[in-house]
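Engineer: Dropping the structure in here first, questions after.
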Amino acid sequence: MSAVSIVLNAGSSSLKFQVFDADGRAGTALFRGLFEKLSGDAAGTPARVRIRDGAGATVHDESWAVTPGHGHEEALERLLGWTRATLQGRRVAGIGHRVVHGGRDHAAPALVDDALMDALEKLVPLAPLHQPHNLGPIRIIRRLLPDLPQVACFDTAFHRSQPELAQMFALPRALTAQGVLRYGFHGLSYEFIAGSLASYDPALARGRVVVAHLGNGASACALEEGRSVASTMGFSALDGLMMGTRCGAIDPAVIFHLIREEGMTPAAVEAFLYSQCGLLGVSGLSNDMRVLREAAPTDPDARQAIDLFVYRIVREIGSLVAALGGLDGLVFTAGIGENDAATRAEVIAGLAHLGVALDADANAAGGPRISRAGGPSAWAIPTDEELAIARHMSAVLGATTH
Ligand code: ADP
């Protein structure tokens, strides 16, 4: 029987996973699951895992009393045990990980070894809220199963093709040399979209495209011939568009103000800008677009939060179109981009000067093409970062075993 590969996407208290056929050809996962509440707390809130098969039916649902500080380890032991029991006889060929930061040296996925772990550890200060959670499970699996190949896939890698100017800040060279650069994130999503464009419109795949990845985290990327030439996220995943709970681009002087006038510590400012701003901060209600859409007709703050979200997207797309020198197509993806027809329509209305003409019926129907003929085309296309990782794994593992 063919082997399987497991893709992990680890957060601070959660662990998402998908199980694929290891040959990388499968378009959908065999299983997908989510471990939640892994941090443990004084109230003894149990951790929970739910696993669904490829058709979406729940095949496993379990809660357990997590040992504080060991939640991810317990989750991984359960995942490996469940995989062995469920996929009897099928070997696990490897585990692939979404790792937020690959720094400037990693422009491609890499097989995990000691040297790579040392290098990725050094990048923790560049992504302190994400990188440690991505590296933790890799370390645990190395301890539990030292011979199992693991592949790290970086959210920054796809953007290393950007021109030098697109990656630079206007800072003295010593800081640039230290790695204070615009890295860009959501690279696995952009790579997946760039790779799927040809199946929708072969000419567009070779053209100038802006992709708007609008989820809880949101960014946009300019693609030329399928390569990233500019993106809205910069040194961190805080920059660029307004997001669910992150502020996006902000005048750095606001940070001095919060420290000096509001008496906040740098750590408090960081936590605040990541978790209390964006749609949540402006609406005072929720970071969830579905909740805001429902509230907007009667709640002016919810309405304004959506309006600002759209306004910021339109402004940033204008900047990316300038970097591209024109626009052939616009793609919406991720939770909001794929599902919220109203956001797509509002963004396209703001881009009328570029000649993008909404096809309202196609947009309401979910696309994929949501624009009328003439002018740059617009699309709603689902992304699949886990499948992108699974494909990378089969390429990396294939290359190392043949
Ligand atoms: P993450 O960055 O956490 O992966 P997602 O890509 O899942 O986020 O996107 C989450 C966002 O997508 C939320 O704001 C959610 O409200 C929104 N969303 C999901 N489904 C819909 C829908 N049917 N209509 C409008 N918004 C949706």
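Engineer: Hey, His72 hits all of (1) assigned to a helix (DSSP H, G or I); (2) surrounded by fewer than 15 Cβ atoms within 10 Å (Cβ to Cβ) but one; which does it fall short on?
Structural biologist: His72 satisfies all of (1) assigned to a helix (DSSP H, G or I); (2) surrounded by fewer than 15 Cβ atoms within 10 Å (Cβ to Cβ) except (2).
Engineer: Can you tell me which residues in region 54-98 are β-branched (Val, Ile, Thr) and in contact (Cβ under 8 Å) with a residue 12 or more places away in the chain?
Structural biologist: Val59, Val66, Thr67, Thr83, Thr86, Val92, Ile95
Engineer: Would you list the strands (runs of 3 or more DSSP E) that sit entirely within region 1-59 and hold 1 or more residues that are more than 19 Å from the chain's Cα centre (by Cα) and crowded, with 22+ Cβ neighbours inside 10 Å?
Structural biologist: It comes to 4-10, 15-21, 47-53.
Engineer: Among Arg260, Arg312, Arg303, which is away from the ligand (no atom under 12 Å from the Cβ), without any contact (Cβ under 8 Å) to a residue 12 or more places away in the chain, under 15 Å from Thr343 (Cβ atoms) and of a type outside the set (Phe, Trp, Tyr)?
Structural biologist: Step by step, each of Arg260, Arg312, Arg303 is checked, and only Arg303 is away from the ligand (no atom under 12 Å from the Cβ), without any contact (Cβ under 8 Å) to a residue 12 or more places away in the chain, under 15 Å from Thr343 (Cβ atoms) and of a type outside the set (Phe, Trp, Tyr).
Engineer: Given (1) exposed (fewer than 13 other Cβ atoms within 10 Å of the Cβ); (2) touching an Asp or Glu at 6+ places or on another chain (Cβ under 8 Å); (3) more than 21 Å from Gly217 (Cβ to Cβ), where does Leu324 come up short, assuming only one miss?
Structural biologist: The one condition Leu324 does not meet is (1).
Engineer: Pick from region 146-169 the residues that are surrounded by fewer than 24 Cβ atoms within 10 Å (Cβ to Cβ) and among the small types (Gly, Ala, Ser): which of them is farthest from His392 (Cα to Cα)?
Structural biologist: Applying the filter and picking the extreme gives Ala166.
Engineer: Considering only residues that are of a type outside the set (Gly, Ala, Ser), part of a helix (DSSP H, G or I) and loosely packed, with under 14 Cβ neighbours inside 10 Å, look in region 260-293 and name the one that is nearest to the chain's Cα centre (by Cα).
Structural biologist: Arg290
Engineer: Residues to consider are Val347, Val396, Val356; find the one that is of a type in the set (A, V, I, L, M, F, W, C) and farther than 19 Å from His213 by Cβ.
Structural biologist: One residue alone meets the criteria, Val396.
Engineer: Still on this structure: Identify the single condition in (1) surrounded by 17 or more Cβ atoms within 10 Å (Cβ to Cβ); (2) away from the ligand (no atom under 16 Å from the Cβ) that Gly398 does not satisfy, given that it satisfies every other one.
Structural biologist: (1)
Engineer: Enumerate the pairs (first residue in region 272-296 and free of Cβ contacts under 8 Å to residues at least 40 places away in the same chain and more than 15 Å from Asp340 (Cβ to Cβ); second residue anywhere and near the ligand (Cβ under 7 Å from one of its atoms) and outside any helix (DSSP H, G or I)) with beta-carbon separation below 7 Å, excluding pairs fewer than 6 apart on the same chain, so at least 6 apart or on different chains.
Structural biologist: So the pair list comes out as Gly278/Gly244; Gly278/Asn287; Leu280/Gly244; Leu280/Asn287.
Engineer: Suppose we keep only residues that are surrounded by fewer than 23 Cβ atoms within 10 Å (Cβ to Cβ) and under 16 Å from Glu270 (Cβ atoms) within region 218-247. Which one would you say is nearest to the ligand (Cβ to nearest atom)?
Structural biologist: Only one residue fits best here, namely Thr245.
Readers should treat all values here as calculations from the given coordinates under stated rules, not as data from a laboratory. The structure presented is a predicted model; accordingly, all values stated were derived computationally and were not measured. In this analysis, Cβ positions are derived from the backbone assuming ideal geometry, glycine residues included, and neighbour counts consider all displayed protein chains.
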